[in-house]
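Presented below is the structure to which this report refers.
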Amino acid sequence: MSEQPKAPGPYAVAVIGGDGIGPEVVAEALKVVEAAGVKLETTSYDLGADRYLRTGEVLPDAVLDELRGADAILLGAVGPAIGSTAVPSGVLERGLLLRMRFELDLYVNLRPFTASPGAIAAGADFAVVRENTEGPYAGEGGLLRRGTPHEVATQGSVNTRFGVERCVRFAFELAERRGGRRDVTLVHKTNVLTYSGDLWKRTFEEVAAGHPSVTTGYQHVDAACIFLVERAAEYDVVVTDNLFGDILTDLAGAVAGGIGLAASANLNPARTGPSLFEPVHGAAHDIAGTGRANPLAAIRSAAMMLEHLGETPAADRVTRAVLAEQTEMSGSNRPWSTASVGDAVAGRL
Ligand code: IPM
Ligand code: MN
């Protein structure tokens, strides 16, 4: 007797809608996943600025433990309205986003960019592999004699051989499976950051030696900013440290057609726990509730989640639908809303 093909899922997905436009774009992402035929069992978690303002809690340990048991985490955006002083700057960033990245060992932040026709970077299609648990984000440093005329602030960049190597390996393996030009560019500032640069460069060269079919390049981060604006179509995979990656991916989003299109996956490729998927953009309180938030970044992030869950055909269909919709939206003045874009993507599947 022939076996029925297994119905996909259900996957246990922890959903953190968050603040501002976060819940709106996540709703469209879930709509599209459902339309793609992948079954999810979602659990919603109330985390973000609203929760903090109500209860003073950012990420209770019990909630973090529940998240560890999920198959994946889908996050919209967290953050207070700009100008609000009720949530001190950094509380949610470090206490929620970075804590999840560190505690769940989400050591790769993968950010793909496919430029819209007409964007500054038109024709570009590349991915940035950002190291996601080390660098200046690790929290090394401190203040001495704070508030005195002789105060000292240090903020170190932590770079371990283990952390750099696993990130660089991921970049090379990605270049091999992406079906692009099979090229990896290391971006750093080795001429000035001699210690961390040395570790990154040597590790990069050693890993490259094990991937002879992948071509390689190196750029200083300042030069990479020019390249991103002028010749982004030449990139395939870019690998870089945590802070350079943060800055470069905002720039990449802007030149590729807008941050509303920029997706990301915070990956634990070793699969010792769930990975987290979120658009690069923030909570955009100024347009919350107006239907003007573009859900394409969140939907593409959900496609990355499907890929990570092993639902590759569904992931590919959703990504293709997102890119087709992105192309159509960039070439027309047709009015749209958050929900109509989600419907349109679902309709293309
Ligand atoms: C990002 C964000 C975060 C970062 C902030 C909110 C901590 O800018 O995901 O790019 O710096 O990584
Ligand atoms: Mn950022």
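The values are calculated or read from the model by the stated rules, or taken from the named source; none is laboratory data. All of these numbers come straight from a predicted model, not from anything done at the bench. Note that each Cβ is placed from the backbone with ideal geometry, even for glycine, and that neighbours are counted across all protein chains shown. Quick note on the areas: whole protein, heavy atoms, side chains included, nothing else; ligands and nucleic acids left out. Shrake-Rupley method; radii C 1.70, N 1.55, O 1.52, S 1.80 Å.
Hey, can you tell me all the residues within segment 98-120 that are closer than 17 Å to Met305 by Cβ and either at pLDDT below 95 or within 16 Å of ligand 2 (Cβ to nearest atom) (or both)?
Met100, Arg101, Leu106, Val108, Asn109, Leu110, Arg111, Pro112
Tell me which residues, restricted to segment 93-109, are in contact (Cβ under 8 Å) with a residue 60 or more places away in the chain and more than 12 Å from ligand 1 (Cβ to nearest atom).
Scanning segment 93-109 gives Leu104, Asp105, Tyr107, Val108.
Say whether the condition of being more than 16 Å from ligand 2 (Cβ to nearest atom), closer than 20 Å to Pro335 by Cα, open to solvent by 30 Å² or more (accessible area, probe 1.4 Å) and outside any helix (DSSP H, G or I) is met by at least one residue in segment 267-286.
no
Anything in segment 55-90 that is modelled with pLDDT of 95 or more and open to solvent by 40 Å² or more (accessible area, probe 1.4 Å)? List them, or say none.
If the condition is that a residue be modelled with pLDDT of 95 or more and open to solvent by 40 Å² or more (accessible area, probe 1.4 Å), then Thr55, Gly56, Glu57, Asp61, Ala62, Asp65, Glu66, Arg68, Gly69, Asp71 are the ones that fit.
How many residues does segment 280-338 contain that are in contact with a His (Cβ under 7 Å, 6 or more places away or on another chain) and modelled with pLDDT under 95?
0
May I ask you to list the residues in segment 138-148 that are open to solvent by less than 60 Å² (accessible area, probe 1.4 Å) and either polar (S, T, N, Q) or farther than 13 Å from Gly163 by Cα (or both)?
Gly139, Gly141, Gly142, Thr148, listed by residue number.
Looking only at residues in segment 245-266 that are in a strand (DSSP E or B) and of a type in the set (S, T, N, Q), which one is farthest from ligand 2 (Cβ to nearest atom)?
Asn266
Checking Glu173 against (1) within 28 Å of Asp316 (Cα to Cα); (2) open to solvent by 70 Å² or more (accessible area, probe 1.4 Å); (3) in a loop (DSSP other than H, G, I, E, B), which single condition isn't satisfied?
Single failed check for Glu173: (3).
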